[in-house]
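Student: Here it is: the structure, laid out below.
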Amino acid sequence: MPTLTLPDGSQRSFDGPTTPLELAADIGPGLAKAALGARVNSELVGLDFAITEDADVSLVTPPRGKDECSDDALWLIRHSAAHVMAEAVQELYPGTQVTIGPAIEDGFYYDFARETPFSIDDLEKIENKMREIISRDATLEREEWDRNDAIRHFADKGEKYKAQIVEELPASETITVYRQGDWLDLCRGPHLPSTGHVGKGFKLLKVAGA
C-alpha cells in the first residue's frame, strides 16, 4: 500500500500499485486532465509509470503563462514534439529512416536517413503535417518489447539503423517503444499523455547534413 508524499508535505495512500495519473485524479479531475508527467523520487516519468512503494511525487503541469514553463514540462513537450516531427516526416516522405530524436537545451531534433536531402522548403510542409498529427490527439503509449521482436520489426520496415541500435543496447536493458496512433519508435521516454498536449507553439528552424 504505497504512500505518496507531495511537495507540500501532504500524503495520499493507495491500496495497491498506482500511477501519477491516478494520484492526480485522486487530488482532482482538473489536475488529472492537465497533468503532463511527474517526478517520482526525482526521476522524471510519464503519467502511466507504476508506483509500487512509498515515494515522493511531484506532478508536472503545463505553464500558467508564456514565461512560466518548468524545465520538466518543457522537456516533455520538446521530446514528444520530436516524435510528432518524425511521424510527420515518415508520412510525407515514405522510406525515410529515423535514428534518434531527443529534446535538447534549446529545442528538439531528429536524425533522418534519406536519399534526397531535406531543404528549408520542406520545413513548412513538415510543420503543417505536425499540426495535423497534434490535432489527432493520439495517446502516447509505452510498450515493452522482446529484443528479437524489436530487431525484426525495424528490420522488416527497412529501419536498419533502428534495428542496429536495438542490437547494441545492453542485454540487461528493457526494450521500450512509444506508440502514437499507428506510428511508433524505439524510445526510453518519458512522454506527454498524448500528441495534443504538444500544442501548436513550435517552429522548425533549420536542417543539417551529416
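Student: Which numbered condition trips up T5, out of (1) under 30 Å from D137 (Cα atoms); (2) surrounded by 14 or more Cβ atoms within 10 Å (Cβ to Cβ)?
Tutor: All conditions pass for T5, except number (1).
Student: Inspect the range 133-153 for any residue being of a type in the set (S, T, N, Q), under 16 Å from V98 (Cβ atoms) and touching a Ser or Thr at 6+ places or on another chain (Cβ under 7 Å) and give the result as yes or no.
Tutor: No - not one qualifying residue is present in the range 133-153.
Student: Scan (1) in contact with a Cys (Cβ under 6 Å, 6 or more places away or on another chain); (2) at pLDDT below 95 for the single condition F202 breaks and write down its number.
Tutor: (1)
Student: Test L59 against the criterion of being modelled with pLDDT of 95 or more, open to solvent by less than 50 Å² (accessible area, probe 1.4 Å) and closer than 19 Å to T176 by Cβ, and give yes or no.
Tutor: No: the conditions fail for L59.
Student: Here's something else I'd like to know. Would you check which residues across the range 176-210 are of a type in the set (S, T, Y), buried (at least 20 other Cβ atoms within 10 Å of the Cβ) and either outside any helix (DSSP H, G or I) or out of contact with any strand residue (DSSP E or B) (no Cβ under 9 Å at 6 or more places or on another chain) (or both) and list them?
Tutor: Y178
Student: Return the only residue of E43, E68, E87 being of a type outside the set (S, T, N, Q), modelled with pLDDT of 95 or more and open to solvent by 30 Å² or more (accessible area, probe 1.4 Å).
Tutor: Result: E43 is the single residue among E43, E68, E87 that is of a type outside the set (S, T, N, Q), modelled with pLDDT of 95 or more and open to solvent by 30 Å² or more (accessible area, probe 1.4 Å).
Student: A follow-up question, please. Working carefully through the options A81, A24, find the one that is touching a residue at least 60 places away in the same chain (Cβ under 8 Å) and small (G, A, S).
Tutor: From the options A81, A24, the qualifying one is A81.
The values are calculated or read from the model by the stated rules, or taken from the named source; none is laboratory data. Computed from a predicted model, the values in this text were never measured in an experiment. Quick reminder, even Gly has a Cβ in these numbers, built from the backbone with ideal geometry, and neighbours come from all protein chains shown. Note: accessible area is taken over every heavy atom of the protein model, side chains too, but ligands, DNA and RNA are not part of it. Shrake-Rupley method; radii C 1.70, N 1.55, O 1.52, S 1.80 Å.
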